[in-house]
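Engineer: Sharing a structure here in structure tokens format.
The values are calculated or read from the model by the stated rules, or taken from the named source; none is laboratory data. All figures in this text were calculated on a predicted structure; none of them were measured in a lab. All Cβ positions, even for glycine, are placed from backbone atoms using ideal geometry, and neighbour counts span all protein chains on display. All accessible areas refer to the heavy atoms of the entire protein, side chains included, with ligands and DNA or RNA removed. Shrake-Rupley method; radii C 1.70, N 1.55, O 1.52, S 1.80 Å.
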Amino acid sequence: MIPFPSHTRVFLALGSTDMRKAINGLAMLVEGALDFDPFCGHLFVFCNRRQTMIKILYWQRNGFCLFQKRLEKHRFKWPEKETEVMEIGTRELSFLLEGLDLRSLQPHEALH
């Protein structure tokens with residue numbers, strides 16, 4: 001995963017997204033449907049209906065970056081839709097891209 005500044009926020013667009021959309025279409029979704037500024041420098045993550053592909057839209061200084069990961073045999077553990085947008089950390093995004101289920105991640109308990 002590409003390292004991002006520690007203040008970078010990650011927003012999942014829950015539900016499914018038409019993966020034929022490229023940078024301009026996804027930026028329009030960020031601005032219109034999600035009500036965020038696509039130029040803010042945060043990560044916006046989208047998943048297709050079959051949960052086999054993720055796209056991440058990111059504005060970096062002077063242009064957009066679009067990252068894509070497609071699974072050949074498995075599915076991403078995309079969160080169930082409770083709201084339109086879910087905020088996670090960059091660490092959780094790494095877990096998601098590795099195929100882990102965010103719902104099953106539990107923090108370590110402190111030893112007494």
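Engineer: Could you estimate the translational diffusion coefficient of the stretch 1-46 from the Stokes-Einstein equation, with Rh from the Kirkwood formula over C-alpha pairs, at 10 °C and 1.306 mPa s, in whole µm²/s?
Structural biologist: 140
Engineer: Got a number for carbon plus sulfur as a percent of the stretch 15-76's accessible area, 1.4 Å probe?
Structural biologist: Values: 1790 of 3840 Å².
C and S fraction of accessible area: 47 percent.
Engineer: Which distance in nm do the two modelled labels at Lys77 and His7 give, with both placed 7 Å along the Cα-to-Cβ direction?
Structural biologist: It is 3.2 nm.
Engineer: Looking at the chain from every direction and averaging, what is the projected area of its Cα convex hull in nm²?
Structural biologist: Taking a quarter of the hull surface, the average projection is 8.3 nm².
Engineer: Okay, moving on. Treating only the Cβ of Lys, Arg, Asp and Glu as charged (+1, +1, -1, -1), what charge dipole size does the chain show about its Cα centre? Round to the nearest 20 debye.
Structural biologist: Result for the chain is approximately 560 debye, rounded to the nearest 20.
Engineer: Hey, what angle do you get for helix 23-32 against the long axis of the chain, alpha-carbon based, 0 to 90 degrees rounded to 10?
Structural biologist: 80
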